Each structure stands twice: as C-alpha cells, then as structure tokens.
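Below you'll find the structure, written out as structure tokens, and then a few comments.
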Amino acid sequence: MSINALLNLGGNAILAHNAGVATAGKNIANVNTEGYQRELLDLRATAVGAPILGGVRIVGPYRVNTLFLARREEDASGQKGYASASARALEAAERAVGGATGSDLVDAISELWGGMIELSAAPLDLSTREKAVNAARRLTTVFQRAAENLERERDDADSRLTALAAEATELAATISDLNHAITVDPGRDPALHDRRDLAARKLAEIMGGSARIDPDGMMRFVVAGGVVVVDGTRSATVTISAGTAPSGYGAIEVIDGDFENDVTATLDGGKMAGEVRMRDVVAADAASDLDALALSLANAVNTQHAAGIGLTDATSRNLFVSSSGAITAATLGLSSDIDADPRLLAAAAAGSGTMSPDNTNALALAALRTSLTTGGGSRTATDEAIRILGAVGQAAANAQKDEEVEDGRVASLAELRDSLSGVSIEEEMTRLAAFRNAAEAAATFVSTVDELLRDLVERL
Amino acid sequence: MRITERRMTEIVNASLEKTRAEAAKKAQELSSGVKLTRASQDGVGWAEAARARARRLTADAHESTIARSRERLQAQEGALAGIGNVLERATEIAIQGANAATGDSRTLLADEIRRLMSAGIQAANTKGNDGEYLMATSSGTTAPFDTGTGAYSGSSTVREVDVGPELTVGAKVPGSVLQLSAGPPVVNIFTVLDRIADALEANDPDDVAAELDNLEQGRENVANARGDIAAYLAALQQADEARSDTVINTTQIFDDNVATDVVEAATGLARAEAAVEAARVAGQQMLQLVAGFLR
C-alpha cells in the first residue's frame, strides 16, 4: 500500500468519525425540539488497495422511526382531539343549561308549583300572590338564560371552528411545502420529515383523518369521506362558511381549487368534529328539548289559568306569553298584566265572582306538577327538565371518559415513539465520546504516516 | 424500553399536574361543602338529588300551607266554640221562656237572645289573621252573615288545600254548617234565634217551645262542624308528619349524593397533598439524575 493510500485511509477515518460527532451533536442540539427523531450514523468497512488494509465509509445519517407508529399516532391524535374538544365544549354546554346550581331549571319549576300550592291556602293574600308571580317570573328568566347561554356556547363553537380552520389550512400548507422541499432534494435534511410528520399529527388532531407517504415520497392527507386536504405539493383551504350548515351555524368546507367539499357531517375525528358534535347534536337537542318543555309547560298552565278567575276581573287570561312569535325557551315571558297586578292571578274557578276566596283553580294549577304534560305525555315537567339536563351531563361525562382513554393511548404511543426515536442525552454523550476518541486516534494514525513519509524523504 | 430525559421530564410534569389537580378538587369539595354539582360528575346521583330538591321545595310550600291552614281551622274552631256557647245559653233561655216566666221576664229574655244572636253573628263573621272572613265562600272581603238578620251568603263548599303528593285536606268550613234548612225559606241558627226573640217579645211560649228542636239541631250542626275541623286538623297533622319524613329523606339523599363528607374529603386532601409532595421529590431526583450525568 502506498503512503498516499495510508494518508487517505486516515483522512477518511477522521472524516467519518467527525461525521459521527456531528450527528451526535445534532441529536443533542435537538433534544428538546418537538417532533425531532434522532439520527444515527452507520460506519461500514471498505476495502482499500491490498486485502490486509481497509477503510471506512459513512452510511447515513438516517432517521430512527417507523411509519406504522406515525400512522397510529395520527389516528390517536385525531381521536384525542375529538374527545378533548367534545369534553370541553360539552362541559361548557352543561354549565350553560344547568345554571349556577346545575339544576336551576328543575328548581324554578318546583318553585312555580310551590307558589301555586301556597296560593291554594291563601288565595286572597296579596303577598302569597306576589310570591307565586315571582316564581313564574323566575321560571321565564331561567328558561331564557338557559336558551341564551346555549346559543352563546354554540356561537363560541363557531368561533373556535374558525380558528381551527385557519390552523388546519396553515398546517396543510406546511405539509405541502415540506413535500416540495423533500422531493426536490431527498437527502437534504432528514429533519424535514420530522417536521412533516409533526404537522400531520397536528392536522389529524384538528380534523381527524390520516396521512400516507406515496412512492414518490410525497405525503397525502385525507379526512373522513375521502376528502383530500393535502395532495403532494398542493394543499386545500379549510374554511367555515357562516350559517350554511343545516343547523344554521357554520359549515366546514375543504376547498381545493374549484372543488368544495362540505365535511361538517362527515368528519369523524379531531377537534373540529368534537365542536360540531356539541354544536349540532347535543346542544341542538338540548335547545330543541328546552323549547318543547317551555311550550308544553306554558300551554298546560295557560289552559288551566284561563279557566279560572282573578280577584278583580274576568277569565281567559294566560299566565305565560311569548315575547315574539311562538313560545320557546328564549321567548317565554310572563303576562305583563299579571306581573304588574298579582290580583289577576286566577286562583278561583270561573263564575266565583270578584274577591272570591275560592281556590279551585289554584289547586288545579298546583296539581299540574304531577300531570304528564311533556315528553309526549309520558313525563312531568320536572322529570323532563331532569332528563334534558341529565342528557347533556351524560354526554359531557362520556366525553370526559373518552378523553381520559385517548389521553392514555396518545401518551402510550408517544412513549413508544420516544423510546424508539427520542434523543437520550446519555447515549449521545457516550456516542460523542466514542467518535471523538476514534477521530483522535485517526489523527494520530495520520501523524504517524506523516512521520514515516518525512523519514523516507530525509533518507532519500 | 429506552426512557429519554425528555420522557422523564414529561412523566414528572404529568405526575405533578395530575396530583395537583386532584388536590385542588379535594380542596374545592372541602371548602364548598359540596361534591356533586353537575350531572357529568355522577348522572344517577345528580338526578336523584335533583328529584330530592324538587320534593324538598314542594315540601317547603306544604309546610307553609299546612301552618296557614292549621291556624285558620283553629280560628274557625274558636269561632264555632263561641257559637256553640251562644246556642247553649239560647237553649237555656228558650226552655225558661217556654215555661213559667211572666211577660216582663220574656221581654228581658228576648233582649238577651238578641244580644246572643248579635254575638253569634259576630263570631260567624270572624276574620283570620290575613283578613279573610273565616266562613266566607263567595267573597273573602264581604261578611258572609248579614250583621242584622244573620242571613248567609255563600255556598256549602269546603275549601281544600294541597298538603302532599296528590293529597288535599279540608281547610275551611263554610258558613252553611250553621244552616238548618235549605228552604225555601233558608233557615239557619240566627233565623231561629230571631224567631225565638220574636216569640219571647210576643209572650208566646208555644212558639218558643217549637224552636227548641231547631236549637238542638243547631248545636248538633256546630258540634259536627267542630268534629270536621278536628278531623281536618288531624289530617293536617298526618300530612305534616309525612312532610317531615320527606324533609328527612331528602336531606339524607343530599348528604349521600351532594354534600361533602368532611372527614373523607379532608383525608383525601391530605393524601393528595402527600402525592403532590411525592411527585415533586421524585421529579427532583429524576432531574438530578440527568444533571449528574452531565457533570
């Protein structure tokens, strides 16, 4: 072997081990970089010149990862996003309908009946009448507040969806940009793959769906219903189209050029689907049920009230009215006449005459508390209120349990990924020391060969 | 499995977050005295507590109704007792007037009958503490018995009140209990007293004697009415006892489902705080392990 070949051998060794030092250094530098997957360098022996002498060549650096785990993480992120968003949104919806005590509506209905019960014992007493009217007024306030709060939560869900849509659009654009960078120069920077995987995970957390890497190296991201959000170097825009969903709120649209896909009802994972579930299903059902309860309760009370007579005037007066259109939870109101003059509260039976101590109608009004006036004639007003509040609570509880399960699943997969691809400072420091020592040894080898050459030259 | 330093930090943070959240929850339960406020915490317990609250609110209304009705019935009982005394004395006078008294004595007796009649009408027109005429059924603000003739204006309806689940009890006896004949003409005890007074003034012992059976009927009506009142009061008492049971029962449900068990919460808080401290110490040791290697 020639002296030059020996010098090349030494030089290659120094380069190879310096590359190892650099790789270990890069891993240490990125120990806290989100989504970074550690790189490893393989060194392979090579034959140089005569069989007895060999060299070293670098293989890598390559990322330590598995596509299988990446896809599982995207799926888990989607489910976790869905569960988390559902849980937060449904907790808020539960507070909205439950009020301060969690059962404001149930209490208000009971207080209405209580007012009628007391009225039956003292139909001429003005303070008792005022108490009954106050109870009726409070009931209308509780219904209105529940309806307003619920609508506000649904509006807030729309706002959150708008922010999520913007974030999803940005992530999709990031993936498509990274697709371009990776395919233009595949060996350029392995960390680009890490960033792309991280973006895919975050996008899945928002919209559900999953990514796949095609043979051309490009990532494609597809959500439920086969709607493509990222196709190679092209990414769609995710927007909220105000008021166009069947619920009357914003529809989630994926727009790619001339193609517009409404995915509001088809998304089955991610935070967006979680928000939609609260907004268009649970809260919508609760709002509809509250409206039905307000109407049936008001109708039952009004029918009986109109059959009676107050202290000063004739019959056929409703206790509950609507502030606008049909009676709903939001429009339920108290008769302004009765509100101003509790003597108009009809405690006596029709035909009893003015200032009558008769309490027949008050008794009948109080008896409505056990009448099956709601739920299609199967439930009392109190039981229906409990059912409505309980349904929202149950949905929130289920979402919280799901969130716990998905949190565990995501944590478990993250732990697996970290175990495989995470940077251990101890390992990298050890590897760093090994490569550094080897580089020093290679440098010593080069020095030795250099001395040999000098000796030779001097003798010549 | 490889555990990286980042993973160790995440484990420490997650552990601290979880233990702190648990400690905060226990502290909140302890300070508020309430552990269940939402259906999402415990759907079954919440629904049970909500129904118990509804029953309790209704029971509170019944408490007021029962107390007011009891007061009214007791006042009516007092008024009827007074009317009963009037009829007792009137009977004595009538017996006297039907027998050996002379014309002048009958005049005096007639005067006393008229005074008794007036006292009886006054008793029958007694108002309750809320200003409502106790025996009125057609108008609470107009005296049910004419102050001069004692004629009754009203019905024979017993006013009932709601005192329990699907339970009503009589709470006001109508003035018609003093009626002896529906007529026409309508005859009540004051009609009889008036006729007795007229007969005494006319010095007609036979007419006086003819009213003795009516006086006895009147006393019997008053006794029956007082008996009805006693029965209503007994029913109110029973309803009140059932209401008390409801209060005890609903309180128990609150204690079981909603209220914080102070001892349990305090113990839980102590455990949670210990867990926080343990997580903190474990975290410190983990981080020292990492830092130690780097040194």
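Here is how the numbers come out for the structure above:
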item: Dipole in debye (nearest 20) - the protein assembly as shown, about Cα centre, beta carbon charges: Lys, Arg +1; Asp, Glu -1; result: 2640 debye
item: B:K25 accessible area, assembled protein chains, probe 1.4 Å, Å²; result: 110 Å²
item: 0 to 90° range, to nearest 10: angle between helix A:381-421 axis and chain A longest Cα axis; result: 0 degrees
item: Shielding of A:27-36 by partner chains, average beta-carbon count, 10 Å; result: 1
item: Surface share of carbon and sulfur [accessible, 1.4 angstrom probe, percent] for the range A:1-137; result: 56 percent
item: Accessible-area composition of the range B:121-199, carbon plus sulfur, in percent [1.4 Å probe]; result: 51 percent
item: Between 0 and 90°, nearest 10: helix A:3-29 axis offset from chain A longest Cα axis; result: 10 degrees
item: Spacing of the two label points (7 Å from each Cα toward its C-beta) at A:D214 and A:R387, in nm; result: 5.2 nm
item: Distance between the range B:62-126 and the range B:169-232 - C-alpha centres, whole angstrom; result: 10 Å
item: Those residues of the range A:354-384 for which accessible area with every protein chain present is at least 20 Å² below the isolated value (1.4 Å probe); result: A:M355, A:P357, A:N359, A:L363, A:R369, A:T370, A:D383
item: Other protein chain Cβ atoms within 10 Å, averaged over every residue that makes up A:107-113; result: 4
item: Over 21 Å between alpha carbons, listed pairs A:K131/B:K35; A:K202/B:K25; A:K401/B:K18; result: A:K131/B:K35; A:K202/B:K25
item: Cα radius of gyration and Dmax for the range B:1-119 (Å); result: 38.9, 127
item: Efficiency of FRET from Cβ geometry, A:A411 and A:D262, R₀ 35 Å, rounded to 0.05; result: 0.55
item: Interface area, A with B, accessible, probe 1.4 Å, both sides summed, Å² nearest 100; result: 4200 Å²
item: For B:E92, solvent-accessible area (1.4 Å; no DNA, RNA or ligand), Å²; result: 100 Å²
item: Within the accessible area of the range B:45-86 (1.4 Å probe), percent carbon and sulfur; result: 46 percent
item: Shape box of chain A [Cα atoms, principal axes, largest first, Å]; result: 142, 46, 32
item: Set of lysines with alpha-carbon distance to A:K26 below 17 Å, sequence-local pairs under 8 removed; result: none
item: Helical mean residue ellipticity (222 nm; -39500 (n - 2.57) per DSSP H run of 4+; nearest 500) of chain A; result: -21000 deg cm²/dmol
item: Cα centroid separation - the range A:68-84 against the range A:186-209, whole Å; result: 13 Å
item: P(r) histogram, all alpha-carbon pairs of the range A:243-316 included - 5 Å bins from 0, percent; result: 3, 13, 15, 14, 10, 8, 7, 7, 6, 6, 4, 4, 2, 1, 0
item: Residues in the range B:17-60 reached by a label modelled at B:A242 [backbone nitrogen below 17 Å; 7 Å Cα→Cβ]; result: B:55-60
item: Positive dipole terminus of the protein assembly as shown, leading residue within A:G10, B:N13, A:A367 (C-beta point charges); result: A:G10
item: Partner chain coverage, peptide A:342-352 - average Cβ within 10 angstrom; result: 1
item: Chain B: projected area of the alpha-carbon convex hull, averaged over directions, in nm²; result: 23.3 nm²
item: Contour excess over end-to-end distance, with Cα ends at B:A75 and B:R115 and 0.36 nm allotted per residue; result: 12.2 nm
item: Under 17 Å from B:K127, Cα to Cα: lysines that are on another chain or at least 8 residues apart; result: B:K172
item: Point-to-point label distance, B:D130-A:D450, nm (Cα→Cβ direction, 7 Å offset); result: 11.3 nm
item: Accessible surface, 1.4 Å probe, highest first, among residues A:Y82, B:Y133, A:Y62; result: A:Y62, A:Y82, B:Y133
item: Members of the range B:6-42 that become less accessible by 20 Å² or more once partner protein chains are added (1.4 angstrom probe, chain alone as reference); result: B:R6, B:R7, B:T37, B:R38, B:A39, B:S40
item: Accessible area, probe 1.4 Å, largest first, for residues A:M116, A:M218; result: A:M218, A:M116
item: Label-reachable residues, the range A:142-184, where backbone N falls under 17 Å from a point 7 Å from A:S241's Cα toward its Cβ; result: A:162, A:165-166
item: Order of exposure, largest accessible area first, which applies to A:D107, A:D358 with probe 1.4 Å; result: A:D358, A:D107
item: Residue-normalised accessible area of chain A, expressed per residue, 1.4 Å probe, Å²; result: 42 Å²
item: In order through the range B:84-90: 3J(HN,Hα) via Karplus (6.51 cos²θ - 1.76 cosθ + 1.60), integer Hz, x for Gly, Pro; result: x, 4, 4, 5, 4, 5, 4
item: Angle in degrees between helix B:103-124 and the longest Cα principal axis of chain B, rounded to the nearest 10; result: 20 degrees
item: MRE, 222 nm, helices only [DSSP H, n ≥ 4, -39500 (n - 2.57), over chain B, to nearest 500]; result: -25000 deg cm²/dmol
item: Spin-label pair B:Q285/A:S127, simplified geometry with 7 Å Cα→Cβ offset, distance in nm; result: 6.8 nm
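The values are calculated or read from the model by the stated rules, or taken from the named source; none is laboratory data. Computed from a predicted model, the values in this text were never measured in an experiment. Note that we place each Cβ from the backbone using ideal geometry, even for glycine, and neighbour counts take in every protein chain shown. Heavy atoms of the whole protein, side chains included, go into the accessibility calculation; ligands, DNA and RNA do not. Shrake-Rupley method; radii C 1.70, N 1.55, O 1.52, S 1.80 Å.
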